[in-house]
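Engineer: If you scroll down you'll find the structure; I have some questions about it.
The values are calculated or read from the model by the stated rules, or taken from the named source; none is laboratory data. As the structure is a prediction and not an experimental result, all values here were calculated from the model. Reconstructed Cβ throughout: ideal geometry from the backbone, glycine too, with neighbour counts over all protein chains shown. These accessible areas exclude ligands, DNA and RNA; they are computed on the full protein's heavy atoms, side chains included. Shrake-Rupley method; radii C 1.70, N 1.55, O 1.52, S 1.80 Å.
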Amino acid sequence: MEFKDIVKMRRIELGMTQPDLAYVLKVCPATVSLWERGRTKPTFNSLTALSNVLGLPEQELMHPKSKTEENEDNKNVQ
């Protein structure tokens, strides 16, 4: 899963709209839209705040696992 997909999915899980997330992060809603469309990535400060709001580690946001890695992790758990 890509950064843009993780942000959108987690935002929706939290019941937030793009404007809600933008307000909390003190960015404009268009910025959140650009992130979710994969047009831009957040600045370092925004990434830290985004990580806190979404409850996900920065590493997971910026370097998500590939499908192969996810499948391997699931095999090792079973």
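Engineer: Could you please tell me which pairs satisfy a Cβ distance under 8 Å, a separation of 6+ or placement on different chains, a first residue in region 26-43 that is closer than 22 Å to Gln59 by Cβ, and a second residue that is charged (D, E, K, R)?
Structural biologist: Matching pairs, first to second residue: Val32/Arg11; Trp35/Lys4; Trp35/Lys41; Glu36/Lys4; Glu36/Lys8; Glu36/Arg11; Gly38/Glu2; Gly38/Lys4.
Engineer: Got a number for residues in region 33-46 being open to solvent by 70 Å² or more (accessible area, probe 1.4 Å) and β-branched (Val, Ile, Thr)?
Structural biologist: Matching residues across region 33-46 total 1.
Engineer: Scan region 1-24 for residues that are closer than 16 Å to Met62 by Cβ and open to solvent by less than 70 Å² (accessible area, probe 1.4 Å) and jot them down.
Structural biologist: Kept after step one, since they are closer than 16 Å to Met62 by Cβ, are these residues of region 1-24: 1-10.
Correct list: Phe3, Lys4, Asp5, Ile6, Val7, Arg10.
Engineer: Only one of Ala30, Ala49 is modelled with pLDDT of 95 or more and either open to solvent by 40 Å² or more (accessible area, probe 1.4 Å) or touching an Asp or Glu at 6+ places or on another chain (Cβ under 6 Å) (or both). Can you tell me which?
Structural biologist: Details: Ala49 fails: either open to solvent by 40 Å² or more (accessible area, probe 1.4 Å) or touching an Asp or Glu at 6+ places or on another chain (Cβ under 6 Å) (or both).
Answer to the selection: Ala30.
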